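Notes follow the structure.
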Amino acid sequence: MDELLLRRARDGDEEAFEKLITPLEGLVWRVCWHYTGNREDASDCGQEAMVRVWRYLDGYRGDCAFESWVYRIAANVCLDFLRRRKRERQVPLEPMKEQGFDPPDPAPGTEEQAVAREEKERLRSLIAQLPEEQRDALVLTQLEGKSYQEVAALLGVSEGTVKSRVNRARTRLKEQMEETGKPPERRTRA
């Protein structure tokens, strides 16, 4: 990272900030996509993450890679979003249906597609519940496709630590999937 750009951006130079953050926009968007699972929410979270990076740029102390710091902000924005969405009260459709409202099927398609979407959402939810260090290692290696070495450098830990965190995350996800029931497509039919 260019220290001069960082210093200029901290002083309010928007052009310097643009040069500093542009190479990381793809990372921010992909992180938001992995957490939220849809384009609109990912875009909203990505924009919020960029605003927070700009707003809190003075808070970057340099004790980790700038990319790691930006990643952490994006992940936290997404987690905040997911928590808010979970708390939001959903309006029940039954009373509206009784009054003649017939909402369109939000996701037309085969039953298999609906089950697959449900499982993806469930997996996303379980990933969001992982401890931060496990979630970061898992998302960066498995979803972002970064090598253990790259993730180790990003997170400021050893390669072995990254491998261990990924393994613990996988184990925890497997246990959580088993606790909440087998995925429907893997069930045996009687």
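Neighbours of Glu133, meaning other residues whose beta-carbon lies under 13 angstrom from its beta-carbon, give a summed charge of +4 when Lys and Arg score +1 and Asp and Glu score -1. Can you grab the distance from the C-alpha centre of region 1-27 to the C-alpha centre of region 51-70, Å, no decimals? One Cα centre to the other: 10 Å. Give me the log10 of I(q) over I(0) for region 1-55 at q = 0.12, 0.19, 0.20 Å⁻¹, as the Debye formula computes it from C-alpha points; what are the numbers? Normalising to I(0) and taking log10 leaves -0.30, -0.65, -0.69. In this rough spin-label picture, where each label sits 7 Å from Cα along the Cβ direction, the Arg84-Trp54 distance is 1.7 nm.
Working note: Cα gyration tensor of region 109-184, eigenvalues times five, square-rooted, sorted largest first, giving semi-axes of 27, 13, 8 Å.
No value in this document is a laboratory result; all are computed from the given coordinates. This one's a predicted model, so the numbers in the text were calculated from it and none came from an experiment. Here the Cβ is made from the backbone with ideal geometry for all residues, glycine too, and neighbour counts use every protein chain on show.
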